[in-house]
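What follows is a set of notes on a single structure, which appears directly below.
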Amino acid sequence: MKEYKDYSLLNHNTFGMDVCAKRYVEYDSEEELKALIPTLDGEVLHIGGGSNLLFKGNFEGTVLHSAICGIEEQTLSSPSLQGGSEIPTNEQGNSLSSVGETGKGSVLVRVGAGEVWDDFVAWAVAHGLGGVENLSLIPGEVGASAVQNIGAYGVEAKDVIAMVEAVDLQSGEKRIFAPQECDYAYRQSIFKKQLKGRYAITYVTYRLQRKPQLKLDYGNLRAVLTNQSTVNCQLSILQVRQAIIDIRNAKLPDPTVQGNAGSFFMNPVVSREKFLSLQKDYPQMPFYEVEGGVKIPAGWMIDQCGWKGKSLGRAGVYDKQALVLVNLGGATSEEIITLCNTICKDVHDKFGIDIHPEVNLI
Ligand code: EPU
């Protein structure tokens, strides 16, 4: 366990905000976490890789960070799993040693919340296990994947999450969440809503496939891969991973070079009626049909408002992807928030649509 007072969070937020935490604790195990819970007073913030938050100033409470590591393929041992039945649900104290291969060509892999997300993806691909290759290079850690329901290129974390283990930060009790208890939706989960701040995720178990089913129908992914692949050669998850890494590198800024938190805004969902009326004015507008309406890419709208590559003070809109706000060097959170609010107003004035940050403002 590591513990510091008045600790700089500069290396713990990809936006590069030079702010401090009054107390910072990094724990290595569930036992350490449970032991430190009675010592927590005041505000508590649990962070992962700090890739989806913007600090408005110093944090006057305790910042927690998990260093629980390990990636473990589960072995076949539970009678409840024989014949491909579902994994056990949320009985308190349910042991993960009872979770094993499901018998449907899928494998359960239990990962510590403090593992770097992309290290897990690389591990899965190296072991020939499919399901997360489309989520390659998403910044952050495994615990956050289950909070944020990270997603990219037609796959979301919820598609592969089989179980979430967490510790109640009030009582210190362990709880196991079945995926249906996590209320997953686009970039949403119970851990961001009703249970916000209540649980620290310690392990996530993912269901991966021994015979991967590639998902290539999002955006230009198939086209990029078709150009690369040789005739008659079946695509592998390694090729998919590499293509996604190339696409992401081409249009998303590297936070070690220029501070940013990936997509700053969520893509809004509007009613079909609203969409049809907008489409009359903007026939070239990209869109995705989703449950409950039509999703319009916020990046496209921001681009249409003329913001791509522009800046306000030291806060900028990335010139290759307008959904991403960047720290041009020494930007304050006020500068980023002013840019965010100005963009939201312009999008509202032009399209009559409210867009909202995906990034958590702390
Ligand atoms: N577009 C523009 N101009 C721009 C940006 C986008 O015209 O400046 C257009 C694109 O041409 C495309 C559409 O908008 O037709 C959508 O853009 P893109 O496919 O790049 O995806 P996105 O909707 O901007 C989402 C996720 C990304 C994820 C990509 C790929 C959200 C908020 N963002 O972006 O996630 O990588 O899809 O699946 O849903 C992240 O969360 O940090 C993130 C990068």
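Here's how it looks for Leu54: its modeled amide H is under 5 Å from those of Asn360, Leu361, Ile362, which are all 5 or more places away or on a different chain.
Bridges between two residues of the chain, per DSSP, are antiparallel at a rate of about 80%. Quick one: net charge around Pro253, please, counting Lys, Arg +1 and Asp, Glu -1 for every other residue with C-beta under 14 Å from its C-beta. It works out to a net charge of +2. Is region 2-66 best put as rounded, prolate or oblate by its Cα gyration tensor, with a ≥ b ≥ c the root eigenvalues, rounded for a/c under 1.5, and otherwise prolate when a/b is larger than b/c, oblate when not? Verdict is prolate for region 2-66. Grouping the Cα pair distances of region 275-348 into 5 Å bins from zero gives a pair-distance distribution of 3, 16, 24, 20, 15, 10, 7, 3, 0 percent in increasing distance order. Membrane-span-like helices in the chain (whole DSSP H runs, Cα extent of at least 18 Å along the helix axis, mean Kyte-Doolittle hydropathy of at least -0.5): 237-251, 333-351. Volume of the convex hull of the chain (Cα atoms only), normalised per residue: 145 Å³.
Computed with every protein chain present, the accessible area of Lys350 is close to 90 Å² [probe 1.4 Å]. When you restrict to C-alpha pairs under 8 Å that are six or more residues apart and normalise by the size of the chain, the relative contact order lands at 15 percent.
So what is the accessible area of the chain per residue, in Å², with the probe set to 1.4 Å?
46 Å²
Across the cross-link table entries Lys251/Lys280; Lys158/Lys193; Lys22/Lys193; Lys251/Lys345; Lys2/Lys34, which are compared at the Cα atoms, the separations over 19 Å belong to Lys251/Lys280; Lys22/Lys193; Lys251/Lys345.
When the Gaussian network model of the chain links Cα atoms closer than 10 Å, the mean-square fluctuations of Ala331, Ala144, Ala185 top out at Ala185. Once you list every other residue whose beta carbon is under 11 Å from the beta carbon of Gly61, what net charge do they have if Lys and Arg are +1 and Asp and Glu are -1? That sum, taken over residues with Cβ under 11 Å, equals -1.
The values are calculated or read from the model by the stated rules, or taken from the named source; none is laboratory data. Here the structure is a predicted model, which is why all the values come from computation and not from measurement. Note that we place each Cβ from the backbone using ideal geometry, even for glycine, and neighbour counts take in every protein chain shown. Accessible surface areas use protein heavy atoms only, side chains included; no ligands, DNA or RNA. Shrake-Rupley method; radii C 1.70, N 1.55, O 1.52, S 1.80 Å.
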